[in-house]
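The structure appears right after this line, and notes come after that.
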Amino acid sequence: MAAMPSVTRDPLLGFARIILIFFTALFAFAGIAVLLGVPALLIFQSDILAELAADGKNVPTALIPGIALLLGFVALLMGLMVYFLLLLRRIVLSVGEGDPFIPENARRLSRMGWTALIGQLVTIPVGALGTWIARIAADSGRNADVDLSFPGGGLLLILTLFILARVFRQGAEMRDDLEGTV
């Protein structure tokens, strides 16, 4: 099927492509930077703990590995976000080509739903570690609040993606059936 010129020149799709490229690059850069912080934190942990002790802060030695683990989870979240945005970009490109109701887009939406679900599950240890680190920071004279609110928006997104995946799958099947009868 030939691409429709009006679809390929849609300014919203062009804007979406640019925004998706920007945020994909941003999350990739952030994920790499956070990931590089993990070995640096572990290599210099004795220096960091000595500096904190010199400032009069009594922190447990488990703080540094805890922060490293937290950074690892944050890097994982950044990686999941990059994957999610790459899938979304491929869907946007297929819309620009004029044929979004293809089985591959149904699979992409399903993968996006699973990616969002995994991301929500990863936020559980991130929240727990953040709370633990915040308590240590509060004990050392700093006020730290961690938001552990219910992720209603994230769960709604997951549900929407899985429903859209079924809609796209059924739409592609119906189109294939219709093309087979012509």
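The values are calculated or read from the model by the stated rules, or taken from the named source; none is laboratory data. Keep in mind that what you see is a predicted model, and the values were worked out from it rather than measured. Neighbour counts are summed over all protein chains in view; Cβ atoms, including those assigned to glycine, are modelled from backbone coordinates with ideal geometry. All accessible areas refer to the heavy atoms of the entire protein, side chains included, with ligands and DNA or RNA removed. Shrake-Rupley method; radii C 1.70, N 1.55, O 1.52, S 1.80 Å.
Structural remarks
- Every pair of residues 6+ apart whose Cβ atoms lie under 7 Å, when the first sits in segment 1-28 and is within 14 Å of residue 79 (Cα to Cα) while the second is of a type in the set (Phe, Trp, Tyr) and at pLDDT 95 or above: none
- Among all positions in segment 39-49, there is no residue which is under 23 Å from residue 20 (Cα atoms), open to solvent by 40 Å² or more (accessible area, probe 1.4 Å) and part of a helix (DSSP H, G or I).
- Sole exception among (1) among the hydroxyl-bearing types (Ser, Thr, Tyr); (2) in contact with a helix residue (DSSP H, G or I) (Cβ under 6 Å, 6 or more places away or on another chain); (3) under 30 Å from residue 138 (Cβ atoms) for residue 123, by number: (2)
Residue-wise test of (1) within 30 Å of residue 159 (Cβ to Cβ); (2) among the acidic types (Asp, Glu); (3) open to solvent by 60 Å² or more (accessible area, probe 1.4 Å); (4) outside any helix (DSSP H, G or I).
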position: 15; (1), (2), (3), (4): yes, no, yes, no
position: 22; (1), (2), (3), (4): yes, no, yes, no
position: 61; (1), (2), (3), (4): no, no, yes, yes
position: 75; (1), (2), (3), (4): yes, no, no, no
position: 82; (1), (2), (3), (4): yes, no, no, no
position: 92; (1), (2), (3), (4): yes, no, no, no
position: 111; (1), (2), (3), (4): yes, no, yes, no
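- Residue within segment 96-105 that is at pLDDT 90 or above, under 30 Å from residue 52 (Cβ atoms) and not in a loop (DSSP other than H, G, I, E, B) present: no
- Only residues that are closer than 30 Å to residue 105 by Cβ, modelled with pLDDT of 90 or more and of a type in the set (Gly, Ala, Ser) were counted in segment 125-164, giving 0.
- Residues of segment 50-59 satisfying the condition of being open to solvent by 80 Å² or more (accessible area, probe 1.4 Å) and touching a residue at least 12 places away in the same chain (Cβ under 8 Å): 58
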